[in-house]
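The values are calculated or read from the model by the stated rules, or taken from the named source; none is laboratory data. The structure presented is a predicted model; accordingly, all values stated were derived computationally and were not measured. Cβ sites come from the backbone with ideal geometry, for glycine too, and all protein chains shown count toward neighbours. Keep in mind that these areas ignore ligands, DNA and RNA; they rest on the heavy atoms of the full protein, side chains included. Shrake-Rupley method; radii C 1.70, N 1.55, O 1.52, S 1.80 Å.
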Amino acid sequence: MRAETRLLLTGLVFVGWTHGAVAQTTGTTNGNGLQASKVKSGDSTAMDMGAEPVKSYPKLTVDTLANFEFSGLAADGGPNRGPQPYLRFDTTVSVATSDALNFYGLVQFKAREPRAGDDPNKDLFVNQGAGRKVGGKFKELYLRYDTWRVGKFVQNFGRAYVLLPGPFAADFIEEPDQGYEPSEMLGVEKLHVFGSEKYGWQQLSVSAFMVDRSPLHRSFPYDEGQIHYKDGGVGNTHLPTNVMVTYDAFNVPVSHGAQATFQASAIRWGRTFGVPRGEFWTTLSGDVSIPLGNSVRRTLQRKYAQVHLYVEGARRANFGGMPGRNRNFLTEAGELIQGPWQVDLSATQRWTTDPLVPTQQDRIYTGTIGRSFASQSTVLLSVARERVADRTGVYAGIRLVQTLTSCSRCASGRAF
């Protein structure tokens, strides 16, 4: 899904905020409320007329992304789900007190209730929300000072859980238990941006972190409870001994105005309670956006056309803390944008290998058609087919995405 809206990118740790009286934004969202955005701003005309300078502080921005969905699962065997309504909110609050100091929070209301243990289809579409109780909590709450971040945030590892098109495409990848989104982590991060832009904007990020065992992990009205060390799980160590290193290259020209991005990343996870080893994650990804005969006029009129291609591979060595047990992911996606219309296709394969049991191969294929409107809203019709072990089902639904933005001297864009 692609929309002309201002939201947030947590996987790449990019957060863009408009500043000035006039701002132009372009971005891409998946169906779960995350967006990569580039913000160009600055209205010298307004300043010349005596308007408030764009550098005035403090700057406050509040963005809310509302997702209303009506969807359900038809399984080949066992119970079906729905169709049922599902409402989700993602609200970001940014307060910048200077160019170097910024406070940022992401409050996320989403389905959190686990599926019933006796449901034979509980492993199908585990991250889809229809029919589950909803709870809200801080997914991110951190302080940024210059190139440092401290607090709760999603580490810059992998991008498919943000960039994949359509509401259901990232089902295998989201969250750290079954996928590889390093969420629910507290830590510290240092970012270095390389001076040379010969091969695009390049940056290196290094962070140390651990699972959020603070009250920030609790949700309301459905309460997930508080995590304890004895609960185990990825990143649940006594100290922030989990370490990540990520290299990113952005806006790399390919040819005829096409742009590409690349990422390579690795995480060394510490050993958690009750398991013999820590996990080791690696990922490599790249994408290219190819414009199709656009002009400045067509772009400003939102009539531009482009093709976006994306591929990402990831590996979880010692999956579940067990030596020799691994889980590998390979994802491909393609998106065509023609004016307000988007058509998306994606596929993810997941292999879980173990020396003692046969290899399990899981697959998900999705297709989405959507239309964006000038009111900062998008309507999506999406269908996905997923196979996990011996269970297969089709998940389909219609989703309405609406963006609401308010600000008082909106916060300026930074690298994260």
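Net length available on complete extension from residue 150 to residue 392 is 82.9 nm, with 0.36 nm assigned per residue and the Cα-Cα distance removed.
Measuring against 26 Å, Cα to Cα, the residue pairs 59/190; 137/303; 59/198 contain 137/303; 59/198 as the ones spanning a longer distance.
Tell me which aspartates and glutamates have Cα within less than 13 Å of residue 133's Cα, excluding those fewer than 8 residues away on the same chain? Within the straight-line cut-off, residue 133 pairs with 113, 223, 224. Compactness check for region 147-281: Cα Rg over 2.2 N^0.38 Å is 1.19. Label point of residue 194 set 7 angstrom out along Cα-Cβ; within region 228-263, amide nitrogens under 14 Å from it belong to 246-253, 261-263. Shown for region 109-246: the carbon plus sulfur share of the solvent-accessible area, taken with all protein chains present and a 1.4 angstrom probe, equals 61%. The residues of region 162-221 expose on average 38 square angstrom of accessible surface per residue, using a 1.4 Å probe on protein heavy atoms.
Once the 1.4 Å probe is applied to the protein heavy atoms, region 272-388 comes out at 49 Å² accessible per residue. With N as its number of residues, region 205-311 has a Cα radius of gyration that, divided by 2.2 N^0.38 Å, comes to 1.62.
Taking amide H as placed 1.01 Å from N in the peptide plane, residue 140 has its amide H under 5 Å from the amide H of 106, each at least 5 places away in sequence or on another chain. Residues whose amide H lies under 5 Å from that of residue 212, counting only those 5 or more places away or on a different chain, are 185, 186; hydrogens are built 1.01 Å from N in the peptide plane. Per the Debye calculation on region 58-159 with a single equal scatterer at every Cα and no solvent contribution, log₁₀ I(q)/I(0) for q = 0.11 Å⁻¹ amounts to -0.49. Sorting the segments 393-403, 169-179, 186-196 by their residues' average number of neighbouring beta-carbon atoms within 10 angstrom, most packed first, yields 169-179, 393-403, 186-196. Along region 377-391 the Karplus relation, 6.51 cos²θ - 1.76 cosθ + 1.60 evaluated at θ = phi - 60°, assigns HN-Hα couplings of 10, 9, 10, 10, 10, 9, 10, 9, 10, 10, 10, 10, 6, 9, 10 Hz to successive residues, with x for each Gly and Pro.
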